[in-house]
Amino acid sequence: MQSSSLMSIIQEKYAEKANELLIPPPVFNEMEGEFVALDLEEHTLSMRFPVLKRYLNPYRSMQGGMIAAAVDNTLGPLSMLVASSNVTRRLEMKYIRPVDLESSYITVVGKLVEQNTRDLIFSAEVQDSKGNLMAKARATHWILETPE
């Protein structure tokens, strides 16, 4: 499956809101996100993002906010697949080691950990192109519409 196919699945699920949503979101396209794997039974999604020179901080490593944006660009689509409309309420990042240009890309593996009436809890791991763990994340999403 390609990234465009993943976005097509989301577009189909949210067809009645097509005029309200930007799918894929411009920020996803800007970051050149690429679909890697989806397992709806396990509630996991893996996405790949290039490490680009324009994402670097003064220390020549990927800006932490860009890594967080890659996480958000992974958990966002996953959240849309596993629940009704929802938004990120909290995103906590733990950076383990810097990501530099030697790693041509990072892979974000997101997983739904828990779901209740109003909240979705996700975890994510960020790996470099060699599979080294670079960061971890935990996110809480707020479900906007609850089933009646």
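Within segment 5-33, the set of residues being without any contact (Cβ under 8 Å) to a residue 60 or more places away in the chain and either closer than 12 Å to A70 by Cα or among the basic types (K, R) (or both) comprises V27, F28, N29, E30, M31, E32, G33.
Among the residues of segment 34-53, is any touching a Pro at 6+ places or on another chain (Cβ under 7 Å) and either surrounded by fewer than 17 Cβ atoms within 10 Å (Cβ to Cβ) or more than 27 Å from V113 (Cα to Cα) (or both)? No, segment 34-53 has no match at all. Cβ-Cβ distances below 7 Å connect the following pairs, each with a first residue in segment 68-88 that is under 18 Å from E16 (Cα atoms) and touching a residue at least 60 places away in the same chain (Cβ under 8 Å), a second residue that is among the charged types (D, E, K, R) and outside any helix (DSSP H, G or I), and a separation of six or more residues or different chains: S84/E145; S85/E145.
Considering only residues of segment 111-148 that are of a type in the set (D, E, K, R) and exposed (fewer than 12 other Cβ atoms within 10 Å of the Cβ), which is modelled with the lowest pLDDT? Even if it seems obvious, please write down each step before you answer.
Filtering segment 111-148 for residues of a type in the set (D, E, K, R) gives 111, 114, 118-119, 125, 128, 130, 136, 138, 145, 148.
From what's left, exposed (fewer than 12 other Cβ atoms within 10 Å of the Cβ): 114, 130, 145, 148.
Numbers: E114: 97, K130: 96, E145: 77, E148: 56.
Once the filter is applied, the top-ranked residue is E148.
Among the residues of segment 92-104, how many are of a type in the set (S, T, Y) and buried (at least 17 other Cβ atoms within 10 Å of the Cβ)? Steps first, please.
Going residue by residue through segment 92-104, those that are of a type in the set (S, T, Y) are 95, 103-104.
Restricting the remaining residues to those that are buried (at least 17 other Cβ atoms within 10 Å of the Cβ) gives 103.
Total meeting the criteria: 1.
Kindly indicate whether any position in segment 92-105 is part of a loop (DSSP other than H, G, I, E, B), under 20 Å from E30 (Cβ atoms) and of a type outside the set (S, T, Y). Yes, some residue in segment 92-105 is part of a loop (DSSP other than H, G, I, E, B), under 20 Å from E30 (Cβ atoms) and of a type outside the set (S, T, Y).
For segment 10-58, a residue qualifies if it is closer than 15 Å to N73 by Cβ and among the basic types (K, R), and exactly one does: R48. Checking every residue in segment 79-100 against the condition of being modelled with pLDDT of 95 or more, farther than 30 Å from K13 by Cα and touching a Phe, Trp or Tyr at 6+ places or on another chain (Cβ under 8 Å) gives at least one match.
Here's a check for you: in segment 57-80, which residue that is part of a loop (DSSP other than H, G, I, E, B) and at negative phi is nearest to the chain's Cα centre (by Cα)? Walk me through it before giving the result.
Step one: list which residues in segment 57-80 are part of a loop (DSSP other than H, G, I, E, B), which gives 57-60, 63.
Then keep just the ones that are at negative phi; that gives 57-59, 63.
On the way: N57: 21, P58: 25, Y59: 25, Q63: 16 Å.
Ranking the candidates gives Q63 first.
Pick from segment 1-41 the residues that are in a loop (DSSP other than H, G, I, E, B) and more than 16 Å from the chain's Cα centre (by Cα): which of them is nearest to I106 (Cα to Cα)? It would help to see each step written out before you state the result.
Start the filter on segment 1-41 by keeping residues that are in a loop (DSSP other than H, G, I, E, B), which leaves 1-2, 14, 18-25, 31-33, 40-41.
Filter once more, so that each one left must be more than 16 Å from the chain's Cα centre (by Cα): 1, 14, 18-21, 41.
On the way: M1: 19, Y14: 28, A18: 30, N19: 32, E20: 30, L21: 27, E41: 24 Å.
Here the residue is M1.
The values are calculated or read from the model by the stated rules, or taken from the named source; none is laboratory data. Predicted model only: the values in this text are computed from it and were never measured. So basically every Cβ, Gly included, is an ideal-geometry build from the backbone, and we count neighbours across all protein chains shown.
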